[in-house]
Amino acid sequence: METVTNKTLEKLKYDLVRSGLVPYETIEQAEEIAQAQNVNIGQVLINSGAITEDAIIKFLESKLHIPSVNLEDYTLDKNCLKYINFSDARKYKIIPLFKIEDTLTVAMADPLDLFAIDKVIETAECSIEPVISTEASILKKIDEYYKTDITVGEIFTSEEAEGFDWREELHSEDLSDNHMQKIIRSILKQAIIEHVHEVNFQKENEALSVNFKKNGEIIPRGEIPNVLSASFVSKLKSLAELDPSVSEVPQLGKLAFKVDDIAVIASVSTFPTIMGERIFLKIYMPPKKLAEIVTSEKNMQIINNAIAESGIILVCGAPLSGKTHVIYSLLLEMAARNKNKNIMTLESLAKYNLDGVNQCELNENVNFNMDKASRFIEFQSPDVIYLEGVKTKEIFDYFASLVYDNKTVVMEFLANNMEELRKKMAFSDFETLKSLISCMVFIHSKDSIEVFDKDTVQKYLA
């Protein structure tokens, strides 16, 4: 995995100290966290609240004598998108703004990344004039403007969806370089049409089989011929920012695409088997407002009370019931209610960028696992913590104990139904957890969600 850096801030980090903007000890701690999480040091400083994005931008502007631009309400010249492709834009956190004569003005989060500038000069075949902008605003504009690179399809009607078959794209006479991308796009489009959230690809009979998984059942959806399978896998890995040349070890990446102008994320997991590499996609729909999911005023009041106090908010349901979807909506609600709260997550993969939430991806490649995260996260002084998939009793108990320090902990718990939940919670390992639950959300289906207050949970699980 390529190390994430910000060359500009790496070079000027001690100037931040000399300017009195950040203490030296904070820089040292930020470097350690940046290395562990494989993010750039600037993002760590911003996420921890050590310095604001605006302060960093003004600092860089004065030091480098490079102007800054606020992209929030900025309209880009779409004709300039052809000079920088989507993959390079995402990789280098760079986006073209406008071109005058032979000079292309680009917004960069890292204006001293000479390799990125050389790469753009090489592909655009013109001079580059950088301006500074925040990484978050650049990524937001990339997702907004580069629709053609990550689009599953145009808006489709129910009539169009009824007869859709991704294999028509497979058998088309398209000889362009984007043919593999169009095949990927068509498979994802069919999955969305069929309300499927899991897709896997694996070698079978000298071909790459395409399988959908729905309600626990594997549904074959055709094959990609062996002559095309290597190109297909390579393109899919590249789009997910994985290494196409690696197949001997597992990799985990993220694929972004759009349906009906709605951004959708899929995690992409590769795993070596004796039959060849198996690739698994899990599709996540964007989070809705919590009030759209929990429509009962009484249930919303229970959640509001839990948000306002310390305790454990437990979100339960079967696999693929939508636990992550509900949790993300809950975190967005918390962030919107109190912008001064430090809300943090520990996840294997961040499915969506949540405004006002400091999301952290675990990274086994650099030994940054849940155990290590649990030992460091308290130094970030979080008010709210979301944990994805806690597996050990020790970590479970540790995060439960944070409630005694006036923290709110959001956890997910796997249970197919309420009776199974009661049986699991009957084990002595969960005694401490049960006593600290301030609210429980049980997802029976996307149209059936129950919310329990503290007293009801204690009685039910007793």
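Values for this structure:
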item: Residue identified as in contact with a strand residue (DSSP E or B) (Cβ under 6 Å, 6 or more places away or on another chain), surrounded by 14 or more Cβ atoms within 10 Å (Cβ to Cβ) and modelled with pLDDT under 80 among ASN6, ASN47; result: ASN47
item: Contacts under 8 angstrom Cβ, first residue in region 109-121 being at pLDDT 80 or above, partner small (Gly, Ala, Ser) and buried (at least 18 other Cβ atoms within 10 Å of the Cβ), 6 or more apart; result: ALA109/GLY42; ALA109/SER133; ASP110/ALA116
item: Selected residue (only one of GLU162, GLU144, GLU154 is of a type in the set (D, E, K, R), modelled with pLDDT of 65 or more and more than 18 Å from TYR83 (Cβ to Cβ)); result: GLU162
item: Matching residues, region 231-273, being farther than 23 Å from HIS195 by Cα and in contact with a Pro (Cβ under 9 Å, 6 or more places away or on another chain); result: VAL233, SER234, LYS235, LYS237, SER238, SER247, GLU248, VAL249, PRO250, PHE271, PRO272
item: Conditions (1) within 27 Å of the chain's Cα centre (by Cα); (2) free of Cβ contacts under 8 Å to residues at least 40 places away in the same chain; (3) farther than 25 Å from PHE86 by Cβ; number of the one not met by GLN202; result: (2)
item: Any hit, region 48-64, residues being among the charged types (D, E, K, R), over 28 Å from SER348 (Cα atoms) and free of Cβ contacts under 8 Å to residues at least 40 places away in the same chain; result: yes
item: Boolean, LEU45 is part of a helix (DSSP H, G or I) and free of Cβ contacts under 8 Å to residues at least 60 places away in the same chain; result: yes
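The values are calculated or read from the model by the stated rules, or taken from the named source; none is laboratory data. Just so we're clear, the structure is a prediction, and the values are computed from it rather than from any experiment. FYI the Cβ positions are ideal-geometry reconstructions off the backbone, even for glycines, and counts take in every protein chain you see.
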